[in-house]
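Colleague: Have a look at this one before I ask anything.
The values are calculated or read from the model by the stated rules, or taken from the named source; none is laboratory data. This one's a predicted model, so the numbers in the text were calculated from it and none came from an experiment. Methodologically, a virtual Cβ is constructed for each residue, glycine included, from the backbone with ideal geometry; neighbour enumeration extends over all protein chains shown. Protein only, heavy atoms only, side chains kept; ligands, DNA and RNA dropped before computing areas. Shrake-Rupley method; radii C 1.70, N 1.55, O 1.52, S 1.80 Å.
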Amino acid sequence: MSQGSLCPCGTHCRVTKALRDLIDTQNQLCLLAREESVIVSILENLHNVVSASQHRFTAWLSAVATCETAQANLAIAQSFSRARTTTPRWAVEAEQRLFHQWVKQQQHHWDQRLTQLQRGMVNYRAYLQKCTQQFVLTQECLALCLSLLDELLRHQEEWIEHHHLASISAHELFLQFEQRWTYERDRLDYEIAQVPQAYQAGRTQAQQRWGLYVVTGIGRPVSLTQTNMNYQSMVRTRQLELYAEQCKLFLTTKVEQFRLYVQQVEGEYKATVLAAQQERWQMLHAQLSIEVADPDQLPSLQSLVLSYFL
C-alpha cells in the first residue's frame, strides 16, 4: 500500500490511505466471493473429465482383454506360448492409477482453496470494518481522494484488460487442444477400423496356398486354423496399439484442457468482478466531483463514500 500524498491532515493523508485500503479490500472480497461459486463449476468440469476418462479406460481394457484372448487362441493353435508384445493389463491399470492420483490432487487442491476462501472472506470483512473507522473526510482531503480514484481507475482498467486477454488466450488454446483431439480421435478410429482389411491380404494368400496343397499336395502350408488364429492375433495386437495411443492422447489432452479451463474461468470472473467494481468507483468519483463549499456537507459525503463499502 502506498503511504498517500502529503496533506494538512497529517504527514501523509490518512483518508486517502483508508480509501485505498477500502477499495482494495472490497475488490479482494468480491473476487473471493465470486471464486467460491466458480470453484463449483471447476469441480463439475473435473467430474466430467473423470467420467469421460473412465469410458476411455474401459474401452482400453476391453481391447486388452480381446487381444489376450486372441493371443491365447494362437498359443493353443501353435502349441506353445508366444511372448507378449503389446500393452499388458497392468500397464493400463498403472496409467489409470496415475490419472486417479492427479484427480485426487486436484480435488484436494480445490477443497483446500474453498477453505482458504472462507477464512479469507472473514478476514477481509473484519478489515473492511476497521478501514471504515479510519476514514474521516476533511475538505482538504477531498481533492486527494478524487486524484486517488483517478489513479486506481486507470490501474484497474489495465488489470481488466489483462484478465480479459488471459481468458481469451486460454479459451483459444482450449479449442486448439479440442480440435487436435477430435482430429486424432477420428484418424485413429479410422485406422482401427481398417486394421482387418490391412491384414486380409496375408490371410487370403495363406488360404490360397492351403487350397493349392489340397489339390496338388505340394508344399504343405500352415493349417487354416493356425492361419486364422495368427490373423486374429495380429489384428487385435495392432488395434490395441492404436487404442493405447488414442487413450494416452485423450488423457494428456483432457488434463491440459482442464488446466486451460481453470485459467479461462479465472480470467473471466476477475475481469467481470473488476469491471463491476470499476463502475462503482466511477459513480463514486462523479458524486465526489461536485464542489463542496459548505463543511457541514462533509459528514454526508463521508457517509456516501462508506455506503459503497458497507
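Colleague: Do you know which of the residues in the range 230-256 that are open to solvent by 40 Å² or more (accessible area, probe 1.4 Å) and among the aliphatic types (A, V, I, L, M) is farthest from GLY202 (Cα to Cα)?
Modeller: Ranking the candidates gives VAL255 first.
Colleague: On to the next question. List the pairs whose first member sits in the range 46-74 and is closer than 21 Å to GLU256 by Cβ, whose second member is among the hydrophobic types (A, V, I, L, M, F, W, C) and open to solvent by 20 Å² or more (accessible area, probe 1.4 Å), and whose Cβ atoms are under 9 Å apart, counting only residues at least 6 apart or on separate chains?
Modeller: From residues that are closer than 21 Å to GLU256 by Cβ, the pairs are LEU46/VAL103; VAL49/VAL103; VAL49/VAL255; VAL50/VAL103; SER53/VAL103.
Colleague: Take the range 33-66 and flag every residue that is under 11 Å from VAL92 (Cβ atoms) and out of contact with any Cys (no Cβ under 6 Å at 6 or more places or on another chain).
Modeller: PHE57, THR58, ALA59, LEU61, SER62, ALA63, VAL64, ALA65
Colleague: Given the conditions (1) touching a residue at least 60 places away in the same chain (Cβ under 8 Å); (2) out of contact with any Phe, Trp or Tyr (no Cβ under 8 Å at 6 or more places or on another chain); (3) among the β-branched types (Val, Ile, Thr), report the number of the one that VAL103 does not fulfil.
Modeller: (1)
Colleague: Is it fair to say ILE290 is outside any helix (DSSP H, G or I) and either open to solvent by less than 50 Å² (accessible area, probe 1.4 Å) or within 20 Å of TYR308 (Cβ to Cβ) (or both)?
Modeller: For ILE290, the condition - outside any helix (DSSP H, G or I) and either open to solvent by less than 50 Å² (accessible area, probe 1.4 Å) or within 20 Å of TYR308 (Cβ to Cβ) (or both) - is met.
Colleague: May I ask you to verify whether ILE160 is out of contact with any Lys or Arg (no Cβ under 9 Å at 6 or more places or on another chain) and among the β-branched types (Val, Ile, Thr)?
Modeller: The answer is no for ILE160.
Colleague: Okay, moving on. Take the residues of the range 107-127 that are charged (D, E, K, R) and either more than 30 Å from VAL50 (Cα to Cα) or touching a residue at least 40 places away in the same chain (Cβ under 8 Å) (or both): which is most open to solvent (accessible area, probe 1.4 Å)?
Modeller: Ranking the candidates gives ARG125 first.
Colleague: Can you find, within the range 128-159, the residue that is nearest to GLN282 (Cα to Cα) among those that are touching a strand residue (DSSP E or B) at 6+ places or on another chain (Cβ under 7 Å) and either open to solvent by less than 70 Å² (accessible area, probe 1.4 Å) or not in a helix (DSSP H, G or I) (or both)?
Modeller: LEU144
Colleague: Of the residues TYR190, TYR124, which is under 23 Å from ALA271 (Cα atoms) and among the hydroxyl-bearing types (Ser, Thr, Tyr)?
Modeller: So the residue among TYR190, TYR124 that is under 23 Å from ALA271 (Cα atoms) and among the hydroxyl-bearing types (Ser, Thr, Tyr) is TYR124.
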